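To start, the structure itself, in structure tokens.
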Amino acid sequence: MTKQSPLIDSGAPEQRSETPAVARQAVPEAAQSVDAPEAAGAIGVFIAALDKAARARRLYQANNPVYRGFLAGLQAATQALWEQLGSLFLTVEEQVFRWHDRTFPAGEGRESLPFLFYRDGVRFIAFLPGFEDEIEAFLGLLAQARLLDQRADEDLVTLLWQAQFVNFQYTYVDALAEGLSVPEGTGLHTVRPVPPEPAAPAGPAPPEPYAVQQGELTVPQIVSRADFNETLYFLERSELELLNREMEREQRRDLRADVLNALFDRLEEPLPERQAEIIRILRQLLPTFLGAGELRYVTRILSELSAILQKGAMAEAERSAAEAVYRELSEPAVLSQLLVAMESGSIDPDGSELGGFLEHLGPSAMPLLLRSIETTSVVALKDRLRQAMRGLAQRHRAELIGLLRADSPEVLRGAARLCAQLGIAEAIPPLTELLKSTHVESRRLAIEALTQLRSASALEALRGALKDADRDVRVAAARGLAAANYGPARATLESVVSSRTLRAADLTEKIAFFEAFGSVAGLESTALLDRLLNGRRLLQRESPEIRACAAMALGRIGSPAARASLLKASGDSSPMVRNAVANALRMEGHGS
């Protein structure tokens with residue numbers, strides 16, 4: 001039995017023809033007469049664009065930029081189709097659409113677009129000019145049809161009938177009745193019963209039913225109350241409790257996890273065709289789980305697939321297909337949607353499954369993750385991303401070092417900090433090169449990272465930055481050398497503290513350089529600091545700031561000569577100098 005769209009059959013959906021052949025006659029023969037290679041190419045592009053847009057509509061909201069891009073591609077393909085054909089009539093088969101003798105697949109297996117129509121009995125579809133105005137509503141209907149349960153009252157045909165599309169037509173065949181014939185009845189053989197004893201007449205007897213007149217058994221003669229002579233509860237209490245427990249356990253059962261277990265059990269078997277099919281299924285499941293925020297299933301798939309890859313149980317083709325899964329998940333278009341969902345709270349950033357998921361991402365995800373770490377205001381998400389990023393960077397050190405040349409300040413900042421935290425010595429050359437950047441912020445980031453690395457080459461780069469044009473860079477470099485007690489920088493620091501340039505600097509820079517000098521100065525440097533603290537220049541003494549800084553440096557040296565110089569200045573007339581001397585004497589080794 002068939003059911004047609006309103007334009008093919010103007011009746012209600014209950015009006016049906018007698019045989020499926022009527023549905024085939026509903027497709028205009030004139031429209032099927034074109035068979036040019038150009039037309040076939042336009043049809044192929046149109047069907048491929050329709051399939052991609054339908055999949056995107058399932059994964060994204062209607063206002064999502066990714067979906068809007070696929071929608072624009074479909075509209076362009078539709079316009080190109082009308083340049084080749086006045087209308088498009090297709091036969092729906094189980095896995096392909098057919099146009100004359102040409103077939104056009106759209107997806108695979110039960111997830112394919114042809115199967116969605118075929119499953120609910122749609123055997124012919126037609127697209128007419130003007131369909132481009134109904135595309136968005138049509139894609140929304142397909143997404144809704146994907147979610148319908150097989151046991152639901154509605155199906156795709158019902159949705160199509162309710163939508164009342166003007167430029168989309170269809171012919172429907174009752175899938176249950178298609179190709180079936182109703183067998184003739186053969187009758188029942190009955191045993192004629194022994195007639196019961198007649199009862200005392202109480203009036204005119206009613207006429208016997210026709211079945212009784214023909215000698216057939218009546219219900220009271222076939223079914224007796226004795227057949228139901230059972231206890232009120234046909235199971236014992238313990239049996240009922242066991243049954244209830246089993247029912248509750250079945251209701252709590254994680255069916256998705258069981259299905260995934262079954263798939264991975266089969267994936268370990270060395271059957272290439274089956275392995276390829278299972279990988280295709282997993283690639284279809286991953287975006288579905290991601291869109292729903294079911295990260296625990298995504299992580300489960302990635303973990304199990306990784307374990308199987310490590311066992312080497314796949315041939316080269318299937319292994320390449322499995323590895324492509326990880327590359328696809330690391331694409332910015334996929335990952336950005338996930339990060340937006342986490343930032344908005346749709347997915348709990350404290351969930352343990354998030355860390356497991358991020359551990360499986362490839363190096364292409366690193367820039368987006370670093371940028372998110374630097375820009376997000378969600379503390380829990382920032383911590384989780386940092387933890388995951390450390391593992392990702394350990395596996396892809398070369399890619400991380402390459403990000404030290406990134407144009408994005410956020411990515412550069414995150415890469416420099418991560419290289420320093422992980423102690424990646426290979427990052428020192430690009431960080432040193434970064435000190436030559438015209439961007440002050442980049443030079444500051446390089447100083448911060450080199451200070452944490454603390455190798456000889458890193459500290460030597462800091463020594464070269466002591467004369468940087470930016471005050472903050474110079475101060476950071478001096479503090480880094482002071483923290484590392486880098487002796488080879490002594491001569492450079494001595495020339496700076498003796499120069500007129502430092503005397504024109506602010507107090508913060510003076511303190512940074514004198515502390516650095518004091519941390520690396522030897523006994524021979526005490527005389528220089530004593531002259532700055534207690535000496536005179538052309539009958540004038542140094543400024544209180546320079547003398548106070550010299551006192552702090554002497555306190556770091558800790559020699560008897562340094563202590564004697566400090567005691568000499570303990571009664572200085574300047575409060576700043578006296579306080580600095582007192583603090584220096586209280587340092588370790590100079591306690592008073």
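The values are calculated or read from the model by the stated rules, or taken from the named source; none is laboratory data. As the structure is a computational prediction, the values presented were derived from the model and not from experiment. Heads up, the Cβs are rebuilt from the backbone with ideal geometry, glycines too, and the neighbour counts pull from every protein chain shown.
Brief remarks on what is shown
- Note on the range 480-540: enclosed helices (runs of 4 or more DSSP H) holding 2 or more residues that are of a type outside the set (A, V, I, L, M, F, W, C) and under 25 Å from Leu453 (Cβ atoms) are 490-497, 507-520.
- The range 64-90 - residue that is touching a residue at least 60 places away in the same chain (Cβ under 8 Å) and either more than 17 Å from Ala143 (Cβ to Cβ) or among the acidic types (Asp, Glu) (or both) and, of those, surrounded by the fewest Cβ atoms within 10 Å (Cβ to Cβ): Gln75
- Filter result for Val475 (part of a helix (DSSP H, G or I), β-branched (Val, Ile, Thr) and more than 19 Å from Leu554 (Cα to Cα)): yes
- Criterion (out of contact with any strand residue (DSSP E or B) (no Cβ under 9 Å at 6 or more places or on another chain) and assigned to a helix (DSSP H, G or I)) met by exactly one of Phe46, Phe70, Phe117: Phe70
- Counting only helices (runs of 4 or more DSSP H) that sit wholly inside the range 203-287, those with at least 1 residues that are at pLDDT 80 or above and of a type in the set (D, E, K, R) are 237-252, 255-267.
- If the condition is being of a type in the set (Val, Ile, Thr) and either in contact (Cβ under 8 Å) with a residue 60 or more places away in the chain or more than 16 Å from Ser364 (Cβ to Cβ) (or both), then the range 390-433 contributes Ile424, Ile428, Thr432.
- Some residue of the range 548-568 being under 30 Å from Ala446 (Cβ atoms), of a type in the set (D, E, K, R), in contact with an Asp or Glu (Cβ under 8 Å, 6 or more places away or on another chain) and part of a helix (DSSP H, G or I): yes
- Exactly one residue among Ile308, Ile347 is aliphatic (A, V, I, L, M) and at pLDDT 80 or above, and that residue is Ile308.
- Residues within the range 418-445 that are within 31 Å of the chain's Cα centre (by Cα) and of a type in the set (Gly, Ala, Ser), tallied: 4
- Residue selected from the range 257-316 under the condition of a type in the set (Val, Ile, Thr) and in contact (Cβ under 8 Å) with a residue 40 or more places away in the chain, by the criterion surrounded by the fewest Cβ atoms within 10 Å (Cβ to Cβ): Thr288
- Annotation note: of Ser437, Ser457, the sole residue that is in a loop (DSSP other than H, G, I, E, B), farther than 22 Å from His360 by Cβ and among the polar types (S, T, N, Q) is Ser437.
- Failed item in (1) crowded, with 16+ Cβ neighbours inside 10 Å; (2) at pLDDT below 90; (3) not polar (S, T, N, Q), with Glu545 passing the rest: (2)
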